[in-house]
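Read through the structure below, which is laid out as structure tokens, and then see the notes.
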Amino acid sequence: MTSKSSLDARLLERLLSDVRFVSRLVVSDSVGSTNDELRRLANEGAEEGTVVIAAAQTAGRGRMGRHWHSPPGRGLYLSVLLHPREPLSQVTRWTLAAAVAACRACRELSGCPVAIEWPNDLAIGERKLAGVLAEVRSAAGRIELVLGIGFNVLQRAEDFPTELSERSTSLYIASGRTNLGRERLAALYLSELGRTAGRMREGGWSAVAAEWCRLAPGAHGRRVRILAGTPKAPATPWDGVTRGIDDDGALLVERADGGTASIRMIDAVIPLEA
Ligand code: BTN
């Protein structure tokens, strides 16, 4: 399979022409990190709905300070600028909304049984397909959210570094299809995200939360181990059973004593069974 290392900016513009959610589109062959590039544009006054899309990243970042492998020609890396109206405690809702939009877009493009894994990874079976990095700050009296996502689209097994190959997949590996346009995936994701954002803004968080639970089979009834605290002050690990998500977008986990705890994104949730 051959793949172009650039993205077709004209095609992207055409596919996104009726997606009103996108106010400005910046397409690059390669950037350090689309999140960093978008933050730079935000500092220069970029509007909500500005999107940076790249065909490669030289310094792609993942959650928990990890590196995000972003080789040219195979993956899709993009970030969207948002100004959530919710209080800071509810900004997590947007990262779950991004996972819903991404899951629906990947399913539509590939036909693969893509699922959400807490909090906002996409997976096929046990292997990771995509991840979301949300970075939030307060700027000029409002919340500024840079919502970045990286998709594995056309990677072959040998394209992943050894340390990732056992637990990663791509839409190509899972579907065997070579006609998986990264531009089309970007357009599907952004139009789904725009639709989801519209729902959230009309007060429809509970519908988005229900959709997240429907697409995340581990969100209800899965036995998990919770590792909370910090590396310097870890809390005692405990086991429980998942019970959906709460109003702030935290994962609800029932303890053995029948009480329920809200688990934040920074806590580790280890599945104890498939
Ligand atoms: C994760 O750890 O699962 C999150 C990975 C997020 C990667 C994306 S790629 C586009 C955006 N720019 C970055 O530097 N990171 C995010």
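The values are calculated or read from the model by the stated rules, or taken from the named source; none is laboratory data. Values in this document were obtained by computation on a predicted structure and should not be read as measured data. Cβ atoms come from the backbone with ideal geometry, glycine included; neighbour counts cover every protein chain shown. These accessible areas exclude ligands, DNA and RNA; they are computed on the full protein's heavy atoms, side chains included. Shrake-Rupley method; radii C 1.70, N 1.55, O 1.52, S 1.80 Å.
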Could you provide, to the nearest whole Å², the per residue accessible area of the chain with probe 1.4 Å?
46 Å²
On Cα atoms only, tilt of 34-43 relative to the major axis of the chain in degrees
80 degrees
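What size of dipole, in debye to the nearest 20, comes out for the chain about its Cα centre when the only charges are +1 on Lys and Arg C-beta atoms and -1 on Asp and Glu C-beta atoms? Let's see the in-between values first.
Numbers: 35 positive and 32 negative charges, 44 e Å.
I would put it at about 220 debye.
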Classify the range 90-225 from the C-alpha gyration tensor, please: rounded if a/c falls under 1.5, else prolate or oblate depending on whether a/b exceeds b/c.
prolate
Read phi for every residue in the range 142-149 and hand back ³J(HN,Hα) as whole Hz from Karplus 6.51 cos²θ - 1.76 cosθ + 1.60, θ = phi - 60°, with x for Gly and Pro.
9, 7, 10, 10, 9, 10, x, 9
Ignoring ligands, DNA and RNA, what percent of the 1.4 Å accessible area of the chain is carbon and sulfur?
49 percent
Positive-pole candidate from Leu12, Leu38, Thr50, dipole of the range 1-58, charges at beta carbon
Leu12
FRET E, pair Ala210, Leu88, Förster distance 25 Å, beta-carbon r, rounded to 0.05:
0.60
Counting only the backbone N, which residues of the range 72-93 are under 17 Å from the spot 7 Å out from the Cα of Thr58 toward its beta-carbon?
72-73
Need one number: nm distance between label points at Asn43 and Arg177, each 7 Å from Cα along Cα→Cβ, rounded to one decimal.
4.1 nm
What does the charge dipole of the range 20-81 about its Cα centre add up to, to the nearest 20 debye, if the Cβ of each Lys and Arg holds +1 and the Cβ of each Asp and Glu holds -1?
260 debye
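Restricting the count to DSSP beta bridges whose residues both fall in the chain, what percent are antiparallel, rounded to a multiple of 5? Don't skip to the answer; put the middle values down first.
Details: 47 of 54 bridges.
Taking every DSSP beta bridge with both residues in the chain, the antiparallel ones total about 85 percent.
Calculate how many DSSP beta bridges within the range 60-197 are antiparallel, expressed in % of all such bridges and rounded to the nearest 5.
Values: 25 of 26 bridges.
Given both bridge residues lie in the range 60-197, the antiparallel proportion sits at roughly 95 percent.
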Measure out, as a whole number of angstrom, how far apart the alpha-carbon centroids of the range 225-274 and the range 142-211 sit.
25 Å
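On a full-extension model of 0.36 nm per residue, what is the gain between Leu164 and Ser17, subtracting their alpha-carbon distance, rounded to one decimal in nm?
Details: separation 147, 0.36 × 147 = 52.92 nm, distance 3.61 nm.
Computed gain between Leu164 and Ser17 is 49.3 nm.
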For the chain, longest principal axis from Cα atoms; helix 92-110 axis from its Cα atoms; angle between them, nearest 10 degrees, is 60 degrees
Farthest towards the positive end of the dipole of the chain, among Thr236, Asn152, Ala256 and with Cβ unit charges of +1 on Lys and Arg and -1 on Asp and Glu, lies the Cα of Asn152
Listed residues Pro84, Ala115, Thr95: farthest to the positive end of the dipole of the range 44-143 (Cβ charges):
Ala115
The FRET efficiency for Leu227 and His67, from their Cβ-Cβ distance with R0 = 30 Å and rounded to 0.05, is 0.90
Determine the dipole magnitude for the range 141-224: charges of +1 sit on the beta-carbon of Lys and Arg, -1 on that of Asp and Glu, nothing else is charged, the reference point is the Cα centre, and the result goes in debye to the nearest 20.
320 debye
With each run of n ≥ 4 DSSP H residues scored as -39500 (n - 2.57), what mean residue ellipticity at 222 nm is computed for the chain after dividing by its residue count and rounding to the nearest 500 deg cm²/dmol?
-8500 deg cm²/dmol
